[in-house]
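The values are calculated or read from the model by the stated rules, or taken from the named source; none is laboratory data. Given the structure is predicted, the values throughout are model-derived calculations rather than measurements. Cβ sites come from the backbone with ideal geometry, for glycine too, and all protein chains shown count toward neighbours.
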Amino acid sequence: MEDTNKTVNTRVKAREFAFELIFARTFSKDEPADGFWAHEIENSEAEFGEQIDYIRKVFFGVDENQELLDEKIASAAVGWSLSRLSKTSLSIMRLCVYEMMNIGDVPKRVALNEAVELAKKFDDEKASGFINGVLNTIARSLPDRECDK
């Protein structure tokens, strides 16, 4: 994975790096997650600072909860099978759904907006609208947390 910015010291940059890891992981499912993580972090030139804990949590959280995340995405992506979605779109949505369910300091609306921004940067130009619709459906189905109020 190529580092475009050597310092990953903001949540936005950390989220982007986490997305890149999650996306790359879709091509390395046979490799144990621990080994994949160690290799990618060891070979990265980025400086993570305090954001390493967030990156680790979402990477392993998405990896360990992929089946549940995919069920939520599949139920909200009416008329679409997961196999029809690009790996980029699916990785972005997995990250966002995990954040909305498990990262207590990220409001759902922030996770959703950041997912749309990732889609605009890394996916097809039409993907951001689709991702926004699917994730809005999921967000409405999830209970509000303290950070969502």
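For this structure, a couple of remarks:
- Among the residues of the stretch 32-52, those identified as surrounded by fewer than 15 Cβ atoms within 10 Å (Cβ to Cβ) and either more than 15 Å from A14 (Cα to Cα) or modelled with pLDDT of 95 or more (or both) are P32, D34, G35, A38, H39, E42, N43.
- Check on D148, in contact (Cβ under 8 Å) with a residue 12 or more places away in the chain, of a type in the set (D, E) and more than 15 Å from A14 (Cβ to Cβ): yes
- Test: V58 is outside any helix (DSSP H, G or I), under 18 Å from F17 (Cβ atoms) and within 14 Å of the chain's Cα centre (by Cα): no
- Test: residue in the stretch 70-85 that is part of a helix (DSSP H, G or I), of a type in the set (V, I, T) and closer than 20 Å to E20 by Cα: yes
- Breaking point among (1) modelled with pLDDT under 95; (2) over 16 Å from the mean Cα position of the chain (by Cα), for R11: (2)
- Scanning the stretch 65-87 for residues that are buried (at least 19 other Cβ atoms within 10 Å of the Cβ) and not small (G, A, S) yields L69, K72, I73, L85.
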